[in-house]
Each structure stands twice: as C-alpha cells, then as structure tokens.
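Contents: one structure, followed by commentary.
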Amino acid sequence: MIRALGAFGLGVARLTGALALVLARTTLNLPRLDRRELFRSIVLFGYRSLPLALMAATLIGSTVVLQAGVYAVKFGARLYTGWAAGYALTREFGPLLLGLVMAARIGARNAAELALLNVNGQIEGLRGISLDPFRILVAPRVVGSAIAITCLGSVTFLVAVCFEAVSSYFSLGLPLRVFFDSYQDMLRVGDLVGGLTKTLAFGLAIALVSTVAGLRAKGGAVGVGQAAASAVVLSCAAIFSLDLLLTPFLTRLFG
Amino acid sequence: MSALLRIFGAPAILFARTLSAIRQRGVDRRATMVQLVEIGSKSSLLIVSGLAFFGAVMVTIAWAQTRKYTGNITVVGPAYFELMLREFAPLLVALLAASRVGASTSAEIAAMSVNEQIEALELCAADPIAELVTPRFVASLIALPALMVIGTIAAAVSARVVVTTAFGADGSAFTDARFVDATDVLCAFVKGALCGAFIPLAAAARGLKAKGGAPAVGEAVTAAVVDASMGCLLIDFVVAAAFLLIGV
Amino acid sequence: MRFGRVDALVDVTVSISPGEQVLVTGQAASGKTTWLKCLAGLQPPTSGHVRWGPDDVARLDLEERRRRQRSFGMVFQSDALFDSMSVLDNVMLPLTKRQVPRDEAVERARAVLDRVGLSAAHGKRPEELSGGMKKRVGVARAIVAQPSILLADDPFAGLDPSTERSIAELLLEVSRGRTLVTALPDPVASLPLARVLRFEQGRLGSVP
C-alpha cells in the first residue's frame, strides 16, 4: 500500500517535472518559433478538427437544452431557458465537453505523432545535427494546439448556442426571439470571457500533457499505443482538475 | 449521415459478430473477470475524482447564480441531485470511460493487429472475437452502470460537502432524492448500458482494422477515442430525447 | 508506411499440390505476405478466388473455414508471439485451443521444443530471446498441431547469415512430408526448394 502510494507520488512528481520542463522550454522558444511548423500544427489540429468540433457543438447544444429546458419547464421558468442554457454552455458544459472531445482528437494524435518520432529515433537525430527539437517540433505543437483549441472553442460556442435556440424552439416551443432576448438580457461579455479562459486553459493542458506523453514513449507499436492512450487519460484528468481550480476564481472575477 | 455511419457502422458489424461468437463459444468467465478488474481498477480513480470535481464546480456556479437571482441555494438541491443522476453523471462517466477504456482497448488490440498476433490466434484455432472482444464487451457492459452509480454518489457527496463547508449553508439538500423516480433511474441505466456496450466495440473495431506498423496504432487510438466519445454523446442525446418524447 | 489503394496482387494464378515445396520471391511490398495470408484464409482476396481442393474459401461458412484452416501452420514475419505467456504456453496454444488435454499438450509442446533445439527455454518469455530463438519458437508453434501445410513469411528477416542457415535447415527438416510455402525477398542457397515463383509489382514474373 505504502509502496503503491510512493510509486504514485513519484509518478506525479515526475509528470509535474516533465510538464514544467516542456512549458518552460516552450516559453523560452516563443520568440523564435518555427513558423512553418506552427502553421502546420494549427491546420492539422484546428482546421482538420473543425467537422468534429461542429458535430460535437450541435450535440452539446441540443443536449444542454434538453437538460436545462425540462427543468426550466418544471419550475415555470420557461422564459429563462435561453439564459440558463447559454450560461451553462459557455461557462461549464461547452468548455468541459469540448475539452474532453479534443483531448481525444488532438491529445491522442499529438502524442502518437511525437511518440512515433521518438520511437524511430528522429528526435535524437535532430539533436545529433545540433538542432533543438524543442524549437522545431515541440514548441510549435504546444502553441499551435492551444491556439487551435481556443479557436475551435469560440466557433463551437457560437454554433452550439444557435442549436440551443433551434432545439428549444422545437422541443419547448420557445420562439427564437424569446430565447435570444433572455440570452442577451442576462448573459454578459464576462460569461463569454470566462468560458474562453477555460477553453484556453484546457487547450494548453491538452497540448502540454500530450507532448510529455509522446516524448516519454518507448518501444515500438506498443509504446506508441500506450503514449496515445495515456495522453487522453491524463488530459481528461487535467481538464477536470483545472475546471475545479479555475471556476471559483472565474466566478469571483466575472460573477 | 456519413458521419453516423462512420461512428456506428463498424461497431454494429462487430456487435453482430460478437453476439454470434458468444452463442457459439460462450463467455470466458476468467478473461471477463480480468477485464472487469482492469476497467474497474483503472477507471474508478479517474471517474470518482472527475465527478467529485465536477460536482464541486456545479455548486460553485449555482451558488454564484442563486445569490444573484433567487437567493437560497438549498432550493436547487433536490433538482441538482435529479439532474446529476439522470443527465450529467451518465454523460460524463461515459465520456471518461470512452477515454480510459476506449484508449487502452484500442491501443492493445491495434498493437496485436500490427504484430500479426490476431492472425496467429486464428491459426492457433482460436476465435479472436471470442478471445479478445467478448470479455471486454461483457466486462464494460457490467462495469459502466456500476461506475455511473459510483460517479453519481461522488458528485452528490462532493456538492454537499462543498456547500456545507465552503458556503456555510445546509448541504443535505444536494443528496436529497425527493425528485428522483423510477424513470430517472431507468434513463440513467439505459444510457450506461448502451455506452458500456458501445465503447469496447468502437475501440476494438478500430484496433482490429489497424495495419502497417506503429503509425497505424497511433491512428487507431485517436480514431477509437474520437468514435467512442462522439458515439456516447449521440447515445446520450438520443436516449434523453426519447425519454422526453414519451413524456417521462 | 502506406500503400494507398493499390492492389497488392493482380492476375496471379498458382496451384500448389500436396507435398510441394514452393519458394515465393519478390521485393518488399510485392504482395508475398498478402498472398500467403490469402492462402491460409486469413484475408479475403479483394477479387479472385482461393480454392482449397475443389472449394472456394469465400463460400465456406465460418465454422467450416475455421475447421479447414487447421491444416495450416504459419511462421509470421514479426513472429507474433505473445510476450505475456511463457515460451511453452505459446507453443501449447494451438493445442489447448483444439481442446487437447493439458498433460498431452505439455508433452507434445516439449517434444516440439526439443526438436527445434530450445529444450532450455521453456519457462522464458519470448521478449527475453534472441531473434533466431524467437523464430524457432514460431516454427515450433506452427508445427505443433501437425498441420499438413506450413507457410513461412520471410523467415530470415533480421537474422545474421549463420542463424539464417540454421533456421533454413530447421525449415527443411520440419517440412518433410508437408507442403511448404516460403516467402523470401530473393532465393537463397541454404533453402533449395523445388519450385520458385517470382512476384514483380504484384504480377507473376518469369522464373530465372
């Protein structure tokens, strides 16, 4: 038991160390990022994930209305559906659910790619010809996927809110104007900023965690699979933990 | 439409093959137990802490909002518990399991595929579906509803504790099952069972298809987790809508 | 590595009689592996037919195909051994899955391991073995259930010349009285088989 705890503690410490290292070296490399690689990762992680994010957005929007709407009707607050659904979406469900889906899509892919380079010895190879793999490979990916996830987040919010309006029209018979009125009256810019802050944090966490998971990979096909799998799981854990840490802070800041 | 087919097509075919493998070869009890322990031991920490954190987040938000509009946070307690049990916990537990179970299942099976081990099993007169898919399918079908119960409890208890200790109000309303009826529980379990069945099938389908070395394994894991999470979101929405339509 | 949607094999008609010893040569990605796996019924050909005797494999139902598949043993290019099991358990697998009683299975597996020269490695895990020894375990697993047809996919990949010779001797020895189909990039002197086929870009080329 004590040994298991010790191993767990050691694992956490090692992971934190690796995360800090990647974060520090990425920050150091910010002024001289490899532009082409940055562009490539934004396209790869952002643009290519757009269909998935849109699909997730429609589903998340409709689900939140179903959930919030039923209770709004139950408590005679049908008119507030727009606000409730919008608030829940921007402040909590949008970032959280999008984060979980992107942990799968972007986290696993990033980890798998880096793991592959690592297992094939290509990262060592870059060092061998005295190129810094962090500047060329790692930092652009971290920055690129964080940017990509934040952009996807904004698009997702927009689409999800529209789908909320439409689905509350169909399921609750709520006119679109009423939905957006209550949305406008009660939702403030702060809510949107709060939601996007969360999305940015989750995006950064996914990028860092999956990079560390990929760089730690060892040993062929099995190693690549394990790296991708642990990237997804650790990203999910990081998202829930960050959500807990950020929410009290954001509620105080933006109400 | 094509997206639906992509997510549900291969798992549906694998489902049929798994059912026929179960009919012909039965279920290997020991292998299923091993998978149950695997899923339980590896997912429960993630799911319990994830849902506990989520419960705390939800009451923090509810606290800030009720102070602005209605005043007393404890009125939303029983509704919170029902909503958590019926909607939030099933969805989040399913998504977390999709990551945990989906990723490890697809990674394992994809690595076996590219190492020709699946074909080796076939030539050893073993049925790869019965050996690899059936135990994971049955174990996840059993484990997911159980994990959902644990997750719901974690979220409710953490909400109660946060309200009591951090906000100084009476938190007992957040574990109050006054609004919960049989259909809520049924709705939750239907979601749990469907997602529990879907996740290993989606992951195994991607894993079995992997061909051509380490890159294929990475692609299989990515695709599997995406399929599993999107499938669970869809299943969740459809079940919620169905229960709403029949008016319960 | 990606092949895209290129047909691995086009217009290949080959028939192999019982007891024949065939060598299939061709460059990497010339379709040898796919062909071997089609022969054993592990992959369906995208078009065309694989016949076992008079019967088209695609028309057999799953149970019947599984039953007849038992006349095949295959040595895989990547060995395809299970690292979670001991060497003995790996070799026993084809027997236990055929419901052979455990005592008999242990005895037969030990005998085969002795025959391939691995008497000392029973309890080891495959990952602890050298490439040549793994190949021997692969051969042992392929022949332990007495199949009438033995397939070997690039059995010398990654082996040094002396190990290559010893594995070639082993293959010749265990294939006596069996049909043997071996795939190799090029013919080698240590494995003189009666019939040599050559695949060039997925077609049957001329035999030099």
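Being surrounded by 24 or more Cβ atoms within 10 Å (Cβ to Cβ) and more than 10 Å from chain A (Cβ to nearest Cβ) is the filter; apply it to the stretch B:63-83 and report the residue that is modelled with the lowest pLDDT. Give the derivation first.
Residues of the stretch B:63-83 surrounded by 24 or more Cβ atoms within 10 Å (Cβ to Cβ): B:77, B:80-81.
Going one step further and asking which of them are more than 10 Å from chain A (Cβ to nearest Cβ), we end up with B:77, B:81.
Values: B:GLY77: 74, B:PHE81: 82.
That would be B:GLY77.
Name the residue that is nearest to the chain's Cα centre (by Cα), counting only residues in the stretch A:28-58 that are among the charged types (D, E, K, R) and assigned to a helix (DSSP H, G or I). Spell out how you get there, then give the answer.
Here is the first cut: in the stretch A:28-58, the ones among the charged types (D, E, K, R) are A:32, A:34-37, A:40, A:48.
Now drop any that are not assigned to a helix (DSSP H, G or I), which leaves A:32, A:35-37, A:40, A:48.
Numbers: A:ARG32: 25, A:ARG35: 23, A:ARG36: 23, A:GLU37: 20, A:ARG40: 19, A:ARG48: 15 Å.
Out of the qualifying residues, it is A:ARG48.
Considering only residues that are within 11 Å of chain B (Cβ to nearest Cβ) and of a type outside the set (S, T, N, Q), look in the stretch A:190-212 and name the one that is farthest from A:ILE136 (Cα to Cα). Spell out the reasoning first.
Looking only at the stretch A:190-212, we keep the residues that are within 11 Å of chain B (Cβ to nearest Cβ), and these are A:191, A:194, A:198, A:210.
Restricting the remaining residues to those that are of a type outside the set (S, T, N, Q) gives A:191, A:194, A:198.
On the way: A:ASP191: 36, A:GLY194: 32, A:LYS198: 28 Å.
Here the answer is A:ASP191.
Considering only residues that are part of a helix (DSSP H, G or I), over 19 Å from B:ALA228 (Cα atoms) and not hydrophobic (A, V, I, L, M, F, W, C), which ones fall in the stretch A:96-143? Give the derivation first.
Of the residues in the stretch A:96-143, the ones part of a helix (DSSP H, G or I) are A:96-119, A:122-128, A:133-143.
Subset that is over 19 Å from B:ALA228 (Cα atoms): A:113-119, A:122-128, A:133-143.
Those that are part of a helix (DSSP H, G or I), over 19 Å from B:ALA228 (Cα atoms) and not hydrophobic (A, V, I, L, M, F, W, C): A:GLU113, A:ASN118, A:GLN122, A:GLU124, A:GLY125, A:ARG127, A:GLY128, A:PRO133, A:ARG135, A:PRO140, A:ARG141.
So for the stretch A:214-221 (the condition being surrounded by 24 or more Cβ atoms within 10 Å (Cβ to Cβ), facing chain B (nearest Cβ under 10 Å), in a helix (DSSP H, G or I) and modelled with pLDDT of 85 or more), does at least one residue qualify?
Start the filter on the stretch A:214-221 by keeping residues that are surrounded by 24 or more Cβ atoms within 10 Å (Cβ to Cβ), which leaves A:214, A:217, A:221.
The next check asks that each one be facing chain B (nearest Cβ under 10 Å); those that pass are A:214, A:217, A:221.
Cutting the leftovers down to in a helix (DSSP H, G or I) gives us A:214, A:221.
Applying the additional criterion that residues be modelled with pLDDT of 85 or more yields A:214.
Yes: one or more hits.
Do you know which residues across the stretch B:96-131 are free of Cβ contacts under 8 Å to residues at least 40 places away in the same chain and within 13 Å of chain A (Cβ to nearest Cβ)? Explain how you work it out, then say what you get.
To start, the set of residues in the stretch B:96-131 that are free of Cβ contacts under 8 Å to residues at least 40 places away in the same chain comprises B:115-117, B:119-126.
Result: B:ASN115, B:GLU116, B:GLN117.
Sort out which residues of the stretch B:206-231 are more than 10 Å from chain A (Cβ to nearest Cβ) and either touching a Gly at 6+ places or on another chain (Cβ under 7 Å) or surrounded by 24 or more Cβ atoms within 10 Å (Cβ to Cβ) (or both), and write them in order of number.
Of everything in the stretch B:206-231, just one residue is more than 10 Å from chain A (Cβ to nearest Cβ) and either touching a Gly at 6+ places or on another chain (Cβ under 7 Å) or surrounded by 24 or more Cβ atoms within 10 Å (Cβ to Cβ) (or both), namely B:ARG206.
Considering A:PHE240, A:PHE179, which residue is on the phi < 0 side of the Ramachandran plot and at pLDDT 80 or above? Don't jump to the end; show me each part of the working.
Values: A:PHE179 fails: at pLDDT 80 or above.
Among A:PHE240, A:PHE179, only A:PHE240 is on the phi < 0 side of the Ramachandran plot and at pLDDT 80 or above.
So which residues in the stretch C:34-83 are in a helix (DSSP H, G or I) and surrounded by 17 or more Cβ atoms within 10 Å (Cβ to Cβ)? Full working, then the answer.
First, pick out the residues of the stretch C:34-83 that are in a helix (DSSP H, G or I): C:34-39, C:57-59, C:62-69.
Correct list: C:THR34, C:TRP35, C:LEU36, C:LYS37, C:CYS38, C:LEU39, C:VAL57, C:GLN69.
Has the stretch A:188-200 got at least one residue that is of a type in the set (A, V, I, L, M, F, W, C), in contact (Cβ under 8 Å) with a residue 12 or more places away in the chain and surrounded by 21 or more Cβ atoms within 10 Å (Cβ to Cβ)? I'd like the intermediate steps shown before the answer.
Filtering the stretch A:188-200 down to residues of a type in the set (A, V, I, L, M, F, W, C) leaves A:189, A:192-193, A:196, A:200.
Going one step further and asking which of them are in contact (Cβ under 8 Å) with a residue 12 or more places away in the chain, we end up with A:192-193, A:196, A:200.
Right, trim to surrounded by 21 or more Cβ atoms within 10 Å (Cβ to Cβ) and you get none.
No, the stretch A:188-200 contains no residue that is of a type in the set (A, V, I, L, M, F, W, C), in contact (Cβ under 8 Å) with a residue 12 or more places away in the chain and surrounded by 21 or more Cβ atoms within 10 Å (Cβ to Cβ).
Has the stretch B:185-202 got at least one residue that is at the interface with another protein chain (Cβ under 10 Å from one of its Cβ atoms), touching a helix residue (DSSP H, G or I) at 6+ places or on another chain (Cβ under 8 Å) and either crowded, with 21+ Cβ neighbours inside 10 Å or touching a residue at least 60 places away in the same chain (Cβ under 8 Å) (or both)? Lay out the reasoning, then the answer.
Going through the stretch B:185-202, the residues at the interface with another protein chain (Cβ under 10 Å from one of its Cβ atoms) turn out to be none.
No: the stretch B:185-202 contains no residue that is at the interface with another protein chain (Cβ under 10 Å from one of its Cβ atoms), touching a helix residue (DSSP H, G or I) at 6+ places or on another chain (Cβ under 8 Å) and either crowded, with 21+ Cβ neighbours inside 10 Å or touching a residue at least 60 places away in the same chain (Cβ under 8 Å) (or both).
Does the stretch C:84-98 hold any residues that are assigned to a loop (DSSP other than H, G, I, E, B) and facing another protein chain (nearest Cβ under 9 Å), and which are they? Can you show your working first?
Taking the stretch C:84-98 and keeping what is assigned to a loop (DSSP other than H, G, I, E, B), we get C:84-86, C:97-98.
Within the stretch C:84-98, C:LYS97, C:ARG98 meet the criteria.
Would you mind finding the one in C:SER130, C:SER148, C:SER175 that is surrounded by fewer than 20 Cβ atoms within 10 Å (Cβ to Cβ) and under 15 Å from the mean Cα position of the chain (by Cα)? Show your work before the answer.
On the way: C:SER130 fails: under 15 Å from the mean Cα position of the chain (by Cα); C:SER175 fails: surrounded by fewer than 20 Cβ atoms within 10 Å (Cβ to Cβ).
The unique qualifying residue is C:SER148.
So, in the stretch C:55-83, exactly how many residues are more than 9 Å from every other protein chain (Cβ to nearest Cβ) and closer than 25 Å to C:GLY31 by Cβ?
Of the residues in that region, 10 qualify.
Residue check, B:VAL217 against (1) at pLDDT 85 or above; (2) in contact with an Asp or Glu (Cβ under 8 Å, 6 or more places away or on another chain), all met but one. Which one?
All conditions pass for B:VAL217, except number (2).
The values are calculated or read from the model by the stated rules, or taken from the named source; none is laboratory data. Remember, predicted model here, so these are calculated numbers, not experimental data. When we count neighbours, we look across all protein chains shown, and the Cβ atoms used for this are built from the backbone with ideal geometry, even at glycine.
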